[in-house]
Amino acid sequence: MSAEVLPFAKALSAGLAAAMDADDHVLLMGEDIGRLGGVFRVTEGLQARFGEQRVIDSPLAESGLVGTAIGLAMAGFRPVVEIQFDGFVFPAFDQITTQLAKFTNRHEGALQMPVVIRIPYGGHIGAVEHHQESPEAYFAHTPGLRVVSPASPNDAYWMIQDAIASPDPVIFLEPKAKYWLKGEVDTAERAMPLHASRRVRQGTDVTLVGHGAMVTTLLQAAALAEAEGTSCEVIDVRSLSPVDYGPILDSVRRTGRMVYAQEAPGFASVGSEIAATVMEKAFFALESPVLRVSGFDVPFPPAKLEGQFLPDADRILEAVDRALAY
Amino acid sequence: MTPLDDPDIVRVLTAEGTFAPTPQAERYVPLIEALSDTDLETFYRDMVISRAFDRQATNLQRQGQLALWPPSYGQEAAQVGSIRAARAQDHIFPSYREHVVATIRGVDPVDIIRLMRGLTHGGWDPTDARNGNTHVYTLVLGSHTLHAAGYGMGLVFDKRCGTGDPEQDAAVMVYYGDGASSQGDVHEAMVFAASYQTPQVFFLQNNQWAISVPVATQSRAPLYQRAAGYGMPSLRVDGNDVLASYAVSKLALDEARAGSGPRAIEAMTYRMGAHTTSDDPTKYRTSDEEESWARRDPIARMRTYLEGRGASETFFEGVDAEARDYADDVRVRTNALGGIPVDTMFAHVYSDRHPLVEEQRQWLADYEASFEGGQA
């Protein structure tokens, strides 16, 4: 094992570099990703190392970025597009949903679309409007796209390489609150496939499930619950399309209770979908309904209110109490 | 003054079919003089056959065989001239009215029919050499101009253009219309093409109408002049003049392949039919206008020119017979098209295994099999 402790952003950067070393047709495109290294510095140093044609400081045009990435994929490249902030992906939404997602299907399999769209997403950084959103449900709802979200530096390192290797388009959601989170990265061996969900804490009373930055909050809630005598299991979904239900169902069948936590508004969300599926597939194992803890169904509020908008450990524990009260 | 009276337009054939280059066309005359009689006859044959196919497809739609048909009637010269200027190694990005372009590149007309009949969302494989690097139709206006620009970036990055070897160097030709030119994606495509100096020709067929909205509502300035804002050479050509359309495209593609960056061409033409078989052009345009364009018919014009050069009546009769056979063949093969297996819906949504899609495919198969006798 060759392990080192890295912040999430550095692990991601190392993963990108590894993929670029392995295949000279992997290229990075985005706004300010070259000389500046990206607004979150994920691509820092990569242009100096790989040159301006492989780490491209593109014009400021998101539809153009994704549209030209599609053309580059047709020409044999594996483009990795960085969208600067979650709220800026919408000008590219048409290219992602009507074009990128459908090309393999329209070509009856003759053409593949190995394009990765990296999107820093979610709150916790006190930013201004359009800079803290959770657009995952839009993409998970679109057939043809794969949607993943790493929550740890080790996953950041490996999942970006697996996403680039995928012949399908992957929406790669980076919890921006975790860019500075440090963790052990095993650069010698990947722990699990791209689309596997993962149990990150064992427990017996309630199953807590979530993705992205919320995984850390779930672990905090589980630690607090432990102190009060409640044993919580925590599962990091990792892949939002497809969802790996195995570990989730396995856990719910043992605990009989589940809480899904996410930053995104709850209505028609990834958490809603997973909750509904668990109720369909594990109905007789459930002691209480699957509960959701979400952002509210309002626009992401001004930063001074994000503490009230985003689920925290207390709101998760309130749901745990409700689940146990049945 | 109509746009066709623009003194800067490139035209070599008058509306009556006389060879009379405009001043802007002088530099293109050698390219036209280099064409053989066979080349000229091919241009004419292409146009006549394409029109027969278009008429047949329109009829098939009226008879309920197709869901929709976007006619190419009237735009044959712009399409034949431009695509005959492309080389085999060039990549072609059509929108959804480029039937003439696609079939000349080798796409089976029945593959286009399959798309419009509702049997497929693509219809042909652009990676199959038989289709002449012709990409599938894109129905979202202007989207494909970005795919073309991205492809052009790939050609630059892989040094597949600008090497000085015209046998190897490749270019990209992208077709779009006056309506699509209002889309943001076309703007972004021109920004990227100019930024990365892609070997690319933007070929705008200005057929005067975006369904019911005239070009005047979309642009206060001639569309070809927009290219100047991107630092891209551009020109306006008489799109109903097949020789002029060929010559400007030939030079633009040659220059793009050689590494001079992107170019834009606005071909002034007219769709004589409806936007698609769903609309009724009598509601939004006048018969005077349609008649004035009918007098500039690209096929009649070229025929007069060829007659003046001594083409025989036998040649014209032969082409007409060939066109009839071609259209008949399309009809027979369209009527023979079967349905599609239900399973097709689940195929190729992803390249790699996706458990949700597999689960639903299996569920539907089991569900259909549960009926007496099975329907799957």
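The values are calculated or read from the model by the stated rules, or taken from the named source; none is laboratory data. Treat the numbers as computed from the prediction; the structure is a model and nothing was measured. Note: ideal-geometry Cβ built from the backbone for every residue, glycine included; neighbour counts use all protein chains shown. Areas reflect the complete protein model, heavy atoms only, side chains present, ligands, DNA and RNA absent. Shrake-Rupley method; radii C 1.70, N 1.55, O 1.52, S 1.80 Å.
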Checklist entry - For the pair B:E290 and B:Q225, how long in nm is the line joining their label points, each one 7 Å along Cα→Cβ? => result 3.1
Next on the checklist: Using the Cα centre of chain A as the reference point, and only Cβ charges (+1 on K/R, -1 on D/E), how large is the resulting charge dipole? Debye, rounded to the nearest 20.
Outcome noted: 280
Checklist entry - Comparing A:L145, A:L16, A:L60, which has the greatest mean-square fluctuation in the GNM of chain A with Cα pairs linked when under 10 Å apart? => result A:L60
Checklist entry - For the protein assembly as shown, what is the mean residue ellipticity at 222 nm derived from helices alone (per DSSP H run of n ≥ 4: -39500 (n - 2.57); sum divided by total residues; nearest 500 deg cm²/dmol)? => result -11500 deg cm²/dmol
Next on the checklist: Can you list the residues in region A:77-111 whose accessible area drops by at least 40 Å² when all protein chains are present, compared with the chain alone? Use a 1.4 Å probe, heavy atoms only.
Outcome noted: A:F77, A:Q95, A:Q99, A:N105, A:R106, A:H107, A:E108, A:A110
Next on the checklist: Which trypsin sites (Lys or Arg not before Pro) in region B:172-242 sit in a loop by DSSP (not H, G, I, E or B) and have at most 10 other Cβ atoms within 10 Å of their own Cβ?
Outcome noted: B:R220
Checklist outcome for this item: Phi angles of region B:220-228, converted by Karplus (6.51 cos²θ - 1.76 cosθ + 1.60, θ = phi - 60°) into ³J(HN,Hα) in whole Hz with x for Gly and Pro, give 7, 10, x, 4, 5, 6, 4, 4, 4
Item to check | Filtered GluC sites (Glu not before Pro), region A:166-227: DSSP coil and at most 15 other beta carbons within 10 Å | outcome: A:E189
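With a cut-off of 8 Å between alpha carbons and a minimum separation of six or more residues, what is the relative contact order of chain B in percent? Intermediate results must be reported in sequence, preceding the final value.
Values: 668 pairs, mean separation 86.2, N = 376.
Relative contact order here is 23 percent.
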Item to check | DSSP-defined beta bridges in region A:3-186 - what % are antiparallel, rounded to 5 | outcome: 20
Item to check | Listed residues B:Y224, A:A151, B:P199: farthest to the positive end of the dipole of the protein assembly as shown (Cβ charges) | outcome: A:A151
Checklist entry - What's the local net charge at A:A268, with K and R +1, D and E -1, over the other residues with C-beta under 12 Å away? => result -2
Item to check | Rounded to 5, the percent of DSSP beta bridges in the protein assembly as shown classed as antiparallel | outcome: 20
Item to check | About the Cα centre, charge dipole magnitude for region A:3-186 (Lys/Arg +1, Asp/Glu -1 at Cβ), debye | outcome: 40
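From the gyration tensor of the Cα coordinates in region A:78-121, what semi-axes in whole Å does the equivalent ellipsoid have, largest first, with each one equal to sqrt(5λ)? All intermediate terms of the calculation are to be shown ahead of the outcome.
Values: eigenvalues 99, 28, 6 Å².
Calculated on Cα positions only, the semi-axes equal 22, 12, 6 Å.
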Checklist entry - Taking the Cα centre of each part, how many Å lie between region B:49-69 and region A:263-326? => result 54
Item to check | R0 of 41 Å, Cβ-Cβ distance A:L60-A:M192: FRET efficiency to nearest 0.05 | outcome: 0.65
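Compute the FRET efficiency between B:F315 and B:T344 as 1/(1 + (r/R0)^6), taking r as their Cβ-Cβ distance and R0 = 30 Å, and round to the nearest 0.05.
0.10
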Checklist outcome for this item: Result for chain A: accessible area per residue, probe 1.4 angstrom, in square angstrom, of 37
Next on the checklist: Can you compute the charge dipole magnitude of region B:134-187 about its Cα centre, using +1 on each Lys and Arg Cβ and -1 on each Asp and Glu Cβ, nothing else charged? Give it in debye, rounded to the nearest 20.
Outcome noted: 120
Checklist entry - Of B:G339, B:T127, A:Q84, which is farthest along the charge dipole of the protein assembly as shown in the positive direction, counting Lys and Arg as +1 and Asp and Glu as -1 at C-beta? => result A:Q84
Item to check | Positive-end extreme of charge dipole, chain A - chosen from A:M20, A:P302, A:L173 (charges on Cβ) | outcome: A:M20
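Excluding B:G132 itself, what net charge comes from residues whose Cβ is under 14 Å from its Cβ, given Lys and Arg +1 and Asp and Glu -1?
-3
Roughly how many percent of the accessible protein surface of region B:41-197 is carbon and sulfur, given a 1.4 Å probe and a whole-percent answer?
Details: 2170 of 4660 Å².
Accessible surface attributable to carbon and sulfur in region B:41-197 totals 47 percent.
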Next on the checklist: Out of the total accessible area of region A:3-186 (probe 1.4 Å, heavy atoms of protein only), what percent is carbon and sulfur?
Outcome noted: 51
Checklist entry - Share of region A:187-323's accessible area from carbon and sulfur, percent, 1.4 Å? => result 55
Item to check | Most mobile of A:D244, A:D24, A:D186 in a GNM of chain A (Cα contacts under 10 Å) | outcome: A:D24
Checklist entry - What net charge do the residues around A:I96 carry, taking every other residue with its C-beta under 11 Å from that of A:I96, with Lys and Arg at +1 and Asp and Glu at -1? => result -1
Checklist entry - Per-residue HN-Hα couplings for region B:119-133, Karplus 6.51 cos²θ - 1.76 cosθ + 1.60 at θ = phi - 60°, whole Hz, x for Gly and Pro? => result 9, 7, 9, x, x, 8, 9, x, 8, 7, 4, 5, 9, x, 6
Next on the checklist: Only protein chains counted, 1.4 angstrom probe. Which residues of region A:223-245 are at least 10 Å² less accessible in the assembly than when their chain is isolated?
Outcome noted: A:S241, A:P242
Checklist entry - HN-Hα J couplings of region B:89-103 from phi, Karplus 6.51/-1.76/1.60, θ = phi - 60°, integer Hz, Gly and Pro as x? => result 7, 6, 9, 10, 10, x, 9, 9, 10, 8, 5, 5, 4, 4, 5
Checklist entry - Mind checking the mean number of beta-carbon atoms from other chains within 10 Å of the Cβ atoms in B:139-151? => result 6
Next on the checklist: Going by Cα centres, region B:1-48 and region B:170-240 are how many Å apart?
Outcome noted: 21
Next on the checklist: If you count only protein heavy atoms with a 1.4 Å probe, what accessible area per residue comes out for chain B, rounded to a whole Å²?
Outcome noted: 41
Next on the checklist: Relative contact order of region A:3-186, please, whole-number percent, based on alpha carbon pairs below 8 angstrom and at least 6 residues apart.
Outcome noted: 28
Checklist entry - Which residue, B:G231, B:G239, B:G81, has the most motion in a Gaussian network model of chain B that connects Cα atoms within less than 10 Å? => result B:G231
Checklist entry - Rg to Rh ratio, region B:3-335, alpha-carbon atoms and Kirkwood radius? => result 0.94
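Within chain B, which is the longest segment containing none of the GluC sites (Glu not before Pro) that sit in a DSSP loop and have at most 15 other Cβ atoms within 10 Å?
Working: sites that count: B:E16, B:E167, B:E372.
It works out to B:168-371.
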Checklist entry - How about region A:213-285: which chymotrypsin sites (Phe, Trp or Tyr not before Pro) there lie in a loop by DSSP and see at most 15 other Cβ atoms within 10 Å? => result A:F267
Checklist entry - In Å² (nearest 100), what accessible area is buried between B and A, both sides summed, heavy protein atoms only, 1.4 Å probe? => result 3300
Next on the checklist: Buried by at least 40 Å² relative to the chain on its own: which residues of region B:172-210 qualify, computing accessible area with a 1.4 Å probe on protein heavy atoms?
Outcome noted: B:E188, B:F192, B:Y196
Next on the checklist: Once you compute Rg and the Kirkwood Rh from C-alpha atoms, what is the Rg to Rh ratio for region A:198-325?
Outcome noted: 0.94
